[in-house]
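Worksheet: the structure to be examined is printed underneath.
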Amino acid sequence: MARARVIGIDGLPCKSHIAPMEPDLADFLIPASGFSGPLFTILVLALVLDAIFGDFPWLFSRISHPVVWIGNLISWFEKRLNRKGLGNADLILRGMVTSLAVIFVAAVAGGVIQILSAFGGVFWLFEILLVAILIAQKGLYQHVKAVSTALKTDGLAGGRKAVSMIVGRDPDKLDEAGVSRAAIESCAENFSDGVVAPLFWYVVAGPVGICAYKAINTLDSMIGHRNERYLYFGRFAARLDDVANFIPARIAGGVICLAAVLGAKTSGKAAWQTLWRDARKHKSPNAGWQEAAFAGALDLALAGPRQYGDEIVDDPYIGSGRRDAGAADIDRALSLYIGACLINAAWPVLIKALWIGL
């Protein structure tokens with residue numbers, strides 16, 4: 001017997017007074033929770049676009065990337081509201097106002113795309129392009145791969161230069177193992193922030209969700225620092241980013257473990273054990289889940305003491321494997337990353353299929 005369904009007054013399936021109904025392709029493609037357009041068709045096409053064009057350099061060499069627009073808006077508020085001499089409570093309030101205003105603007109922009117996409121047909125292209133732009137699968141791969149390539153062709157100096165593009169630590173203090181670990185850690189952390197979380201919030205709330213998330217993540221990267229300038233002004237943004245990434249980070253950790261099971265040169269068992277043992281060692285409530293899974297899968301020790309400018313961060317190591325990573329380990333990490341991206345693209349389809357089966 002096919003599942004039965006009656007649409008209630010709120011547009012959701014009603015479990016009483018039901019009649020049999022055969023599911024069809026449209027039933028699978030049309031989102032069940034208010035998304036505009038055929039959610040999974042849009043998602044698949046967006047991921048394919050991202051895989052082909054990456055960061056769309058031909059487009060954003062001519063116009064600013066949406067994240068740059070968000071960053072400019074954050075800077076506009078920060079220059080006017082974050083002033084010396086203000087009390088801590090005042091700075092927290094001003095930072096909250098900045099964060100909420102930026103998120104509101106981003107969500108409204110997403111709402112406009114969602115309304116346009118609701119017209120269907122060619123208007124779905126706006127939503128497809130938006131998702132492709134804001135999910136950074138290929139861009140992250142290219143940046144991390146550049147570190148491996150530079151180490152192989154230009155030695156330590158080239159590796160330091162390449163890794164400085166994706167991490168905040170002082171590259172001149174890094175040896176080859178430090179450069180390699182930094183690249184792998186960046187791959188792990190940004191798998192959640194740049195791939196899993198945007199997709200998660202798109203599935204939850206459509207274009208509004210993914211735009212709001214990118215605003216939250218950009219706020220954290222710009223003002224969510226624990227230094228004198230942003231300790232209080234950026235506190236709300238940092239805490240909100242922790243909340244927004246709480247579920248995606250744990251999904252990312254699980255996805256990496258599953259990818260490690262399927263990988264040829266990785267250990268799913270070690271990834272899982274290290275995730276549960278070491279994830280909470282990280283100072284971030286979220287980043288440790290991905291780094292621990294990567295460390296276990298690759299038999300490496302990540303994190304540990306690091307230097308940012310004049311500040312030395314004495315963090316514990318995550319993972320009990322080797323510390324002497326090299327370019328070959330970056331390549332293994334990227335193979336794991338590709339598998340994780342493929343699995344990450346599949347879980348929304350699985351959830352939708354389970355929904356249809358209810």
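The values are calculated or read from the model by the stated rules, or taken from the named source; none is laboratory data. These figures come from a predicted structure and were not determined experimentally. Don't worry about glycine lacking a Cβ; one is built from the backbone with ideal geometry, like all the others, and counts go over all protein chains shown. Each accessible area value is taken on the protein alone, full model and side chains, heavy atoms only, with ligands, DNA and RNA left out. Shrake-Rupley method; radii C 1.70, N 1.55, O 1.52, S 1.80 Å.
Numbers at a glance
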item	result
C-alpha long axis of helix 197-223 to longest principal axis of the chain, angle in °	30 degrees
In degrees, nearest ten, helix 327-357 long axis to first principal axis of the chain (Cα)	20 degrees
Translational D in µm²/s for the chain (Stokes-Einstein at 20 °C, 1.002 mPa s, Kirkwood Rh from C-alpha pairs)	99 µm²/s
Karplus 3J(HN,Hα) series, Hz, for the stretch 146-154 with 6.51 cos²θ - 1.76 cosθ + 1.60 (x for Gly, Pro)	4, 5, 4, 4, 5, 4, 6, 9, 10
Contour excess over end-to-end distance, with Cα ends at residue 72 and residue 90 and 0.36 nm allotted per residue	4.2 nm
Accessible surface, 1.4 Å probe, highest first, among residues 230, 141	141, 230
Heavy-atom surface of the chain, accessible at 1.4 Å and reported per residue (Å²)	49 Å²
Rg(Cα)/(2.2 N^0.38 Å) for the stretch 134-241, N = residue count	1.22
Where 281, 265, 145 fall by accessible area, highest first, once all protein chains stay in place (1.4 Å)	265, 281, 145
Simple spin-label estimate for residue 115 and residue 83 in nanometres, 7 Å along Cα-Cβ	3.6 nm
Rg/Rg_globular for the stretch 175-313, with Rg_globular taken as 2.2 N^0.38 Å and Rg from C-alpha atoms	1.09
Flagged links, alpha-carbon separation over 26 Å, of 79/145; 152/281; 84/173; 84/283; 152/265; 79/161	79/145; 152/281; 84/173; 84/283; 79/161
Quarter of Cα convex hull surface for the stretch 239-300, i.e. mean projection, nm²	3.7 nm²
The chain - percent of accessible surface contributed by carbon and sulfur, probe 1.4 Å	65 percent
Cα-based helix-to-principal-axis angle, 268-278 vs the chain, degrees rounded to 10	70 degrees
Karplus 3J(HN,Hα) series, Hz, for the stretch 118-131 with 6.51 cos²θ - 1.76 cosθ + 1.60 (x for Gly, Pro)	5, 6, x, x, 5, 5, 5, 4, 4, 6, 4, 5, 4, 5
Amide H contacts under 5 Å for residue 303, placed H, 5+ residues apart	318
Per principal axis, descending, Cα span of the stretch 200-243 in whole Å	37, 15, 11
Three-way shape label, the stretch 47-174, alpha-carbon gyration tensor, a/c 1.5	oblate
